[in-house]
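Step one of this worksheet: look at the structure below.
The values are calculated or read from the model by the stated rules, or taken from the named source; none is laboratory data. This is a predicted model, so every value here is computed, not measured. So basically every Cβ, Gly included, is an ideal-geometry build from the backbone, and we count neighbours across all protein chains shown.
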Amino acid sequence: MSGPELQAVGLSAGVAAVLGTLGALLVLALARRSVAAAAALAPLVVVGSVAAGVYASARAMFLSDRDSTTVLLVLLASLPIAVAVGWVIAARIQQVTRTAALAAATSQRDREVEAGRRELVAWVSHDLRTPLAGMRALTEALQDGVASDPADYLARLGADVMRMSAMVDDLLALSRLQSPSLTLRRERVAVGDLVSDAVAAWQPLAQSGGVRLTGSVDQPVAATVDASEVSRAVGNLVVNAIRHTPAGGEVTVRVGADRGDAVVSVEDGCGGIPEGVLGRVFEAGWRGTQARTPGDAGAGLGLSIVRGVAAAHGGSAAVRNVAGGCRFELRVPLHAPT
């Protein structure tokens, strides 16, 4: 190989190396923002670097303008192929990225569901163990004839049975709300009537705890909902508020409408919930500290059922701290989705 040829080869390699290096740096910088865009640009960098090197060597070999132009056109003809290859690679990378992200999200969701299931089982097991142990002791005392007051023992057995029955009912309700085959029995109802019924039903519980329970309707609100499920959710909110409000406190239930939703708010005097755990109150089995957990508080499923009812209707459940307590909100759309 003669000297001019070696010079042309060196020039071609140098130009291709410089442009290729600059292009590679550009691709790496772009990859930090978009891997797919970087993949689309990479083939163009390769073809462009080679084309520049070949064209530079052709000019160095003193080819005619016509020959140089021909070489350049041949190289440019490969650009569409490079673009097509780049876009195919980019599309594939995007698909792989989306699949990986979906798989990661699914895996994370599965881990959260499994963690929630384990926590729920632990809570339920704990809450079942206590009344079962008491029932066993009471039963043995009755069987052995050592019960000082059999009628009282039977009454306590009945109370434990009722508590366990309520716990099982909550478990079944939560399971049904989480079922993909859930079908709501929607009808047009006055939400204020549902709230009035709940306030009347739980007034004795409030009075026994020295809590003032009131309800008000800011405006008449009618919604197409499953009346039974919404009543259960409202009742759970009211009971939760009563149980966590000390004697002399007040629980206020209000009904209104906002941005196409029927809104039921329940404000209590619990003293507030720490901000760090405020987002956990709707988790199944979570009941907060012992200070907020009376002995008859159940398995901590009431607020989870509220969230399940809201979600089933396409609505939401939320809580925030207010002066002296908490404000829970249940939102359900005024109209059923079409």
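Specify which of the listed residues (R327, R320, R307) is modelled with pLDDT of 90 or more, under 20 Å from the mean Cα position of the chain (by Cα) and surrounded by 15 or more Cβ atoms within 10 Å (Cβ to Cβ). It would help to see each step written out before you state the result.
On the way: R327 fails: under 20 Å from the mean Cα position of the chain (by Cα); R320 fails: surrounded by 15 or more Cβ atoms within 10 Å (Cβ to Cβ).
Selected residue: R307, the only one of R327, R320, R307 that is modelled with pLDDT of 90 or more, under 20 Å from the mean Cα position of the chain (by Cα) and surrounded by 15 or more Cβ atoms within 10 Å (Cβ to Cβ).
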Using beta carbons and a limit of 9 Å, which pairs, at least six apart or on different chains, have the first residue in the stretch 165-184 and on the phi > 0 side of the Ramachandran plot and the second one surrounded by fewer than 11 Cβ atoms within 10 Å (Cβ to Cβ) and outside any helix (DSSP H, G or I)?
none
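Can you go through D152, D170, D193 and tell me which one is under 20 Å from R243 (Cβ atoms) and in a helix (DSSP H, G or I)?
Testing whether each residue is under 20 Å from R243 (Cβ atoms) and in a helix (DSSP H, G or I) leaves just D170.
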Search the stretch 268-280 for residues that are under 20 Å from P246 (Cβ atoms) and pair each with any residue that is among the basic types (K, R) when their beta-carbon atoms are under 7 Å apart and the residues are at least 6 apart or on different chains.
C270/R292
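If we scan the stretch 121-138, do we find a residue that is modelled with pLDDT of 85 or more, touching a Leu at 6+ places or on another chain (Cβ under 7 Å) and not assigned by TED's automatic domain parsing to the domain that holds S304?
yes
Select, from R186, R243, the only residue that is of a type in the set (K, R) and within 18 Å of S265 (Cβ to Cβ). Don't jump to the end; show me each part of the working.
On the way: R186 fails: within 18 Å of S265 (Cβ to Cβ).
That would be R243, the only listed residue that is of a type in the set (K, R) and within 18 Å of S265 (Cβ to Cβ).
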Given the criteria under 23 Å from V319 (Cβ atoms) and under 29 Å from the mean Cα position of the chain (by Cα), does A241 qualify?
yes
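Going through the stretch 203-215 one residue at a time, which ones are farther than 22 Å from V309 by Cα and not in a helix (DSSP H, G or I)?
The answer is G209, G210, V211, R212, L213, T214.
Listed residues A223, A241; which is assigned by TED's automatic domain parsing to the domain that holds A284 and touching a Pro at 6+ places or on another chain (Cβ under 9 Å)?
A223
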Across (1) touching a Gly at 6+ places or on another chain (Cβ under 8 Å); (2) among the β-branched types (V, I, T); (3) buried (at least 23 other Cβ atoms within 10 Å of the Cβ), V230 clears everything bar (1)
Reported set for the stretch 224-253 where residues are in a strand (DSSP E or B) and more than 11 Å from L213 (Cα to Cα) is T224, V225, D226
Listed by first then second residue, the pairs whose first member lies in the stretch 203-218 and is on the phi < 0 side of the Ramachandran plot, whose partner is charged (D, E, K, R) and assigned to a loop (DSSP other than H, G, I, E, B), with beta carbons under 9 Å and at least 6 positions apart or on separate chains, are V211/D268
I'd like to know if the stretch 89-104 contains one or more residues that are surrounded by fewer than 13 Cβ atoms within 10 Å (Cβ to Cβ), closer than 26 Å to P43 by Cα, modelled with pLDDT under 70 and not assigned by TED's automatic domain parsing to the domain that holds S34.
no
